[in-house]
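The values are calculated or read from the model by the stated rules, or taken from the named source; none is laboratory data. These numbers come from a predicted model, not from an experiment. With ideal geometry, Cβ positions are generated from the backbone for all residues, glycine too; neighbour counts draw on all protein chains shown.
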Amino acid sequence: MLEFEVLMFGPAYVGKTSLLSSMYYEYDREINQTSIQITPDPETASTIGERLGELKALNDEFKLEEELREGGINTTGSPRKFVFNIGRLGETPKLKLTLWDFPGFYLVNNKEGEKFITEHLNKSVAVLIAVDAPALMEARGKWHFKRNSPIQVKSWLQKVYSGLNSNRLVIIAPIKCESYMKDEQSAKKLLARIKEEYKSLLQFFKSDNLAEKVAVVVTPVQTVGNVFFSSIQVNNGEPKFIFKKPDIDADYAPQDNEQPLKYLLRFLLKNYLKKRNFGWIADTFGQDDFLYQAVYELAKDCKTNNGFEIVQSKDLFYM
Ligand SMILES: Nc1nc2c(ncn2[C@@H]2O[C@H](COP(=O)(O)OP(=O)(O)OP(=O)(O)O)[C@@H](O)[C@H]2O)c(=O)[nH]1
Ligand SMILES: [Mg+2]
């Protein structure tokens, strides 16, 4: 079986675990008509089940209390992996994706965190940088630094990616985007803010050594859907973001959570096609037509506009 690791990256509370849980939910709905199956490991399935329950409850609570403060979901205590196996329906899976989730406090002066991040950022074929979109967009970005820790994020990537000798994928995923994806103009603004606030990180990826090795894409996701930013309350210098549900009967409706996974598959496909010398792609991948076809099917329909954009190295994706 071919195995790839991915690291979910970002400070506390931005929505890392929510995204990992919703990702499978949306994909599963899309592919259950095909001959391909994605199966989570039993442990992953139970984590996802728990998390989806919480996310759905978060949605339902609005029925009682139109406005809801953040905090409905438990913080992650220690690293956890989300394992997805991909293969033909009823057959032994051929491709295994392990997505690592860690507690956001690992990013801030934490010995254990340092060890974990160094190890996993080094060996992961892709990193998903989760960004809290309301902190980036509201109050003229006043809470962006506190919530999204862009300086720590950049410093980690600089530390590990400098001198890189294999191709990598960086997915910047703004989360809680319900309010910023409602029309084309808002989506454009969101993308522009990402480019502005992550300018120096993007510049780093453009450096001579990395320009051809690092693909960068922005994929805004809505892990709850139907829940929109409403206001910010500040207590003792700490912001609380308050969300509103305009239609109190609207169901839990995650949007675009499968997109990061699709880009990941496209990235894997292309690197196989070019037959470059990647340590983590075994030759068997090329000989297995079904697997190739399955991944191709799964990778279809990557969004490329309205807030989505390949910022660097389009040619590292299978198009
Ligand atoms: N409105 C809205 N809220 C979201 C969305 N995704 C996550 N949230 C909220 O954000 C909070 C934090 O989400 P988590 O997934 O636990 O964040 P995390 O990054 O895993 O946090 P740590 O585990 O502490 O590092 C949750 O309580 C959710 O209520 C979204 O798409 N929309
Ligand atoms: Mg978490």
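Details
- Scanning the stretch 40-84 for residues that are buried (at least 17 other Cβ atoms within 10 Å of the Cβ), in contact with a strand residue (DSSP E or B) (Cβ under 8 Å, 6 or more places away or on another chain), outside any helix (DSSP H, G or I) and modelled with pLDDT under 90 yields LEU68, THR76.
Each row is one residue, and each column tells you yes or no for (1) of a type outside the set (Asp, Glu); (2) out of contact with any Pro (no Cβ under 6 Å at 6 or more places or on another chain).
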| site | (1), (2) |
| --- | --- |
| ASN85 | yes, no |
| GLU91 | no, yes |
| PRO103 | yes, yes |
| LYS123 | yes, yes |
| ILE129 | yes, yes |
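- In the stretch 99-205, counting only helices (runs of 4 or more DSSP H) that sit wholly within it, the ones holding 2 or more residues that are closer than 19 Å to LEU264 by Cα, at pLDDT 95 or above and in contact with a strand residue (DSSP E or B) (Cβ under 8 Å, 6 or more places away or on another chain) span 111-123, 150-161, 199-205.
- Selection count, the stretch 219-232, where residues are touching a residue at least 24 places away in the same chain (Cβ under 8 Å) and more than 12 Å from LEU55 (Cβ to Cβ): 7
- Looking only at the stretch 214-243, and only at residues there that are in contact with an Asp or Glu (Cβ under 6 Å, 6 or more places away or on another chain) and of a type in the set (Phe, Trp, Tyr), the one that is surrounded by the fewest Cβ atoms within 10 Å (Cβ to Cβ): PHE228
- Only one of the numbered conditions (1) outside any helix (DSSP H, G or I); (2) surrounded by fewer than 23 Cβ atoms within 10 Å (Cβ to Cβ); (3) in contact (Cβ under 8 Å) with a residue 60 or more places away in the chain is violated by PRO246, and that is (3).
- Against the numbered list (1) surrounded by fewer than 22 Cβ atoms within 10 Å (Cβ to Cβ); (2) away from ligand 2 (no atom under 16 Å from the Cβ), ASN110 comes up short only at (2).
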